[in-house]
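The values are calculated or read from the model by the stated rules, or taken from the named source; none is laboratory data. Quick caveat: nothing in here was measured; it's all calculated off a predicted structure. Cβ placement follows ideal geometry from the backbone for every residue including glycine, while neighbour counts extend to all protein chains displayed.
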Amino acid sequence: MPEQKNSVKAEEKGIEQQATEQTGQRQVRVGFDERNMTTSYANGFRANATGEEVMLDFGLNVVNPAGQQQNQPEMLFQVNSRVVMNYYAAKRLAITLSQLIRRHEEQFGELNLDIAKRRKNG
């Protein structure tokens with residue numbers, strides 16, 4: 001019977017109050033100041049980490065003209081920006097990206113990372 005009393009008590013409490021008790025945090029409204037924001041495009045990234053931080057470099061994968069002269073295809077990764085964050089922020093980013101990708105695939109179909117399988121013959 002104690003379990004039933006606990007569940008009744010939990011139902012009486014609001015969700016926000018339960019979350020506060022479980023996390024020790026209150027909800028806070030966050031505003032956004034986008035006046036200094038810049039936008040860039042990236043089709044590639046590189047990840048590195050230390051014991052305390054995660055570093056994400058974003059940039060473009062482009063064909064390296066120097067490699068073409070030697071008849072050897074070569075790609076060059078042009079790094080345009082670096083984001084450094086702690087592991088807590090990195091984990092929240094990973095969860096958010098995973099949710100976004102899942103929703104996209106539910107609506108539009110699976111994103112196949114193998115380019116050979118995406119290529120259409122013809």
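Any residue at all in segment 42-51 that's out of contact with any helix residue (DSSP H, G or I) (no Cβ under 9 Å at 6 or more places or on another chain), among the basic types (K, R) and surrounded by fewer than 11 Cβ atoms within 10 Å (Cβ to Cβ)? No, every residue in segment 42-51 fails to be out of contact with any helix residue (DSSP H, G or I) (no Cβ under 9 Å at 6 or more places or on another chain), among the basic types (K, R) and surrounded by fewer than 11 Cβ atoms within 10 Å (Cβ to Cβ). Scanning segment 92-111 for residues that are surrounded by 11 or more Cβ atoms within 10 Å (Cβ to Cβ) and either in contact with a Ser or Thr (Cβ under 8 Å, 6 or more places away or on another chain) or over 21 Å from N43 (Cα atoms) (or both) gives a single hit, R92. The set of residues in segment 68-91 being part of a helix (DSSP H, G or I), at pLDDT below 95 and surrounded by 11 or more Cβ atoms within 10 Å (Cβ to Cβ) consists of Q68 alone.
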